[in-house]
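Down below is the structure, laid out as structure tokens.
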Amino acid sequence: MDQNSDIISTKPFNDQKPGTSGLRKPVKVFQQSHYLENFVQAIFNTLPTLKGARLVVGGDGRYYNREAIQIIIRMATANGLGELLIGQGGILSTPSASHLIRKHQTDGGIILSASHNPGGPDKDFGIKFNTPNGGPAPEKITEAIYSESKQLKEYRIAEAREIDLDKLGKFELGSLKIRVIDSVADYSNLMQSLFDFDQIRDYLQGNDRRIAFDAMHAVTGPYAKQIFEQVLNCPPGTAFNAEPLLDFGGGHPDPNLAHAKELVKQMFSDNGPFFGAASDGDGDRNMILGRNIFVTPSDSLAILAANAAVIPGYKHGLAGVARSMPTSAAVDRVAEKLGIECYETPTGWKFFGNLLDAGKITLCGEESFGTGSDHVREKDGLWAVLFWLNLLAAKQQPVINIVQQHWQEFGRNAYARHDYEEVESDGANSLMEALRAKSSGLIGKPLGAFSVQYADDFSYTDPIDDSISNQQGLRIGFEDGSRIVFRLSGTGTQGATLRIYLEAYTQEKADFSANAHELLKPLAEIAAETAQITHFTGRDKPTVIT
Ligand code: G16
């Protein structure tokens, strides 16, 4: 322990169980005395070797980011850690933190973010631990952290000066070394090693090739400015809402049709940009749009997989692909054609980690606007955008043609997610229990015009370490390839969020120009009736449809 350190007596909090992606709570919860400190100490206590450990630390710049980093610094020195690598201004996008952990071979990292949840004094904050592979800690580690948090009696923190997070350079605090590093440079270099920037740059010089990137006042602003406007020579303003703000400008930094309104309006107007994209609070999500077309995240994954051979970083082929269970089966059809394995995992990027580390998969993605590859161990928003730009440049085609051609070849998995946010937890749990109880009885029966092929509660056995994750979502699959999935979100901070995932498979050409919601209407009706949504939640329509 360092000389000026204190051992502070504390009591455990009983609600520090990490969810789908770390511990997410309202800021006010984190500001309670000892709350953040307890969780950080719980993380430290689970490190295999605490003394001398090296960690990457950074966050999405939201309210409480800087305060939290100063606390982590003081606790790191008191606990005898060796080195912290911190993004300048406390800023690191989640994928760039993952890259830095891998590049500098640290013992992991602490990422401060509540991702797409709104920020500000009355909104949310979050913290998660990433392991030395750069990925979110798997369940056995999050369980260990939780279990530490439940028995914690004390934590260690030093009395120390504030470190200037805005100044690049090396600092020392007791025996702790601190390096404040450029948040963007390494990440930008990594992207240039995967994509043909010359080809993209030339392509974007062409007529009518204006692109727009909405950083949603979140962490990708500085990254997008550098990559689009400096390296790719796009005009200033290409990246807009590009200054990270403590409260994301009061917005909801979730890149979807509901929340990236400004971008969507541009993309669906007559003289809009020919390509548009957005990213979320911490830069790991992406939304892809062409002029007058939105590409669902599930389709995006399938299209990237089908066309990976034209991208320099992936030209040698894909080892395999993976998608989370609620993500549409569009990529499964591509994998079948390519003759590669397609893994179906529970929701949560952490489940891709083992597959990526074992070299079983190259690309993976989720319906929740996450796409990524083996270049890091997190989903990566800007990576997906650059992949698409490289694809457009290589094929010399607009987004709409690429999507339509894909559907002609593989059929269309029309897709939508209906979210019922902040419903009473008891009602949501009862809905899931009632559905679970009746699901096996649905098999072989008709539901509307559909015939149920299978109905189960998704369970996953990790093919690498054999760990089992049960109760990962209720699925009702129909004989024509359509599907309804019911899950409770693991990232919300108020009550429960019921997610209903609808997927209709069609090979009818007429359906390729149809509105997805029209195609999904019969499934939405079946979902509402089968799960008795109004009865259990008191709601007659979803809060958000994405
Ligand atoms: C996190 C996880 C994703 C997950 C998403 C939604 O994303 O990293 O793997 O798909 O939450 O999870 P849920 O449906 O449980 O709310 P992010 O971008 O919030 O870190």
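The values are calculated or read from the model by the stated rules, or taken from the named source; none is laboratory data. Predicted model only: the values in this text are computed from it and were never measured. As a convention, Cβ positions derive from the backbone with ideal geometry for all residues, glycine included, and neighbour counts pool all protein chains shown.
Within the range 15-34, how many residues are polar (S, T, N, Q) and within 14 Å of the ligand (Cβ to nearest atom)?
2
Taking the range 131-209 as the region of interest, the helices (runs of 4 or more DSSP H) fully inside it that hold 1 or more residues being touching a strand residue (DSSP E or B) at 6+ places or on another chain (Cβ under 7 Å) are 139-151, 197-205.
Of VAL376, VAL334, VAL321, which residue is buried (at least 21 other Cβ atoms within 10 Å of the Cβ) and in contact with a His (Cβ under 7 Å, 6 or more places away or on another chain)?
VAL376
Scanning the range 293-327 for residues that are among the β-branched types (Val, Ile, Thr) and under 26 Å from PHE268 (Cα atoms) gives ILE293, VAL295, THR296, ILE303, THR327. Under 22 Å from SER21 (Cα atoms), within 20 Å of the chain's Cα centre (by Cα) and not polar (S, T, N, Q): does that describe PRO121? Taking the combined requirement at face value, the residue does not satisfy it. When the range 490-518 is filtered for residues that are touching a residue at least 40 places away in the same chain (Cβ under 8 Å), farther than 15 Å from TYR420 by Cβ and hydroxyl-bearing (Ser, Thr, Tyr), the ones remaining, listed by number, are THR493, TYR505, THR506.
Conditions (1) out of contact with any Pro (no Cβ under 7 Å at 6 or more places or on another chain); (2) hydrophobic (A, V, I, L, M, F, W, C), marked per residue:
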{"position": "GLY221", "(1), (2)": "no, no"}
{"position": "VAL231", "(1), (2)": "yes, yes"}
{"position": "GLY237", "(1), (2)": "yes, no"}
{"position": "GLY249", "(1), (2)": "yes, no"}
{"position": "PRO255", "(1), (2)": "yes, no"}
{"position": "LYS261", "(1), (2)": "yes, no"}
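Select from the range 1-46 the residues that are of a type in the set (Val, Ile, Thr) and over 17 Å from GLN151 (Cα atoms) and write down the one among them that is modelled with the lowest pLDDT. Among residues in the range 1-46 that are of a type in the set (Val, Ile, Thr) and over 17 Å from GLN151 (Cα atoms), the one modelled with the lowest pLDDT is THR20. Inspection of the range 469-488 identifies no residue that is within 16 Å of the ligand (Cβ to nearest atom), hydroxyl-bearing (Ser, Thr, Tyr), touching a strand residue (DSSP E or B) at 6+ places or on another chain (Cβ under 8 Å) and at pLDDT 95 or above.
For the range 212-256, which residues satisfy the criterion of being outside any helix (DSSP H, G or I) and aliphatic (A, V, I, L, M)? If the condition is that a residue be outside any helix (DSSP H, G or I) and aliphatic (A, V, I, L, M), then ALA212, ALA215, MET216, ALA218, VAL219, LEU232, ALA239, ALA242, LEU245, LEU246 are the ones that fit. Of all residues in the range 339-364, those that are more than 23 Å from GLY492 (Cα to Cα) have Cβ atoms under 7 Å from Cβ atoms of residues that are crowded, with 23+ Cβ neighbours inside 10 Å and among the hydroxyl-bearing types (Ser, Thr, Tyr), 6 or more apart or on another chain, in THR362/SER373; LEU363/SER373.
Within the range 94-120, no residue that is outside the structural domain of ARG179 (by TED's automatic domain parsing) sits with its Cβ atom under 8 Å from a residue that is assigned to a loop (DSSP other than H, G, I, E, B) and within 12 Å of the ligand (Cβ to nearest atom) at 6+ positions apart or across chains. Of the strands (runs of 3 or more DSSP E) lying entirely inside the range 297-390, those containing at least 2 residues that are away from the ligand (no atom under 15 Å from the Cβ) are 320-324, 341-345. Here LYS521 passes the criteria (1) outside any helix (DSSP H, G or I); (2) more than 16 Å from the ligand (Cβ to nearest atom) except the one numbered (1). When the range 268-291 is filtered for residues that are surrounded by fewer than 24 Cβ atoms within 10 Å (Cβ to Cβ) and either in contact with a Cys (Cβ under 8 Å, 6 or more places away or on another chain) or closer than 19 Å to ILE545 by Cβ (or both), only PHE268 remains. Whenever a residue of the range 443-460 is assigned by TED's automatic domain parsing to the domain that holds LEU474, its partners that are loosely packed, with under 12 Cβ neighbours inside 10 Å and of a type in the set (Val, Ile, Thr), lying with C-beta atoms within less than 8 angstrom and at least six residues away or across chains, give the pairs SER459/ILE468; TYR460/ILE468. Criterion applied to ASN429, ASN401 was being surrounded by fewer than 17 Cβ atoms within 10 Å (Cβ to Cβ) and within 16 Å of the ligand (Cβ to nearest atom), and the one residue passing it is ASN429. The number of residues in the range 489-509 being more than 16 Å from the ligand (Cβ to nearest atom) and crowded, with 22+ Cβ neighbours inside 10 Å comes to 1. Considering only residues in the range 118-134 that are crowded, with 24+ Cβ neighbours inside 10 Å, farther than 18 Å from LEU47 by Cα and of a type outside the set (D, E, K, R), the one that is nearest to the ligand (Cβ to nearest atom) turns out to be GLY126.
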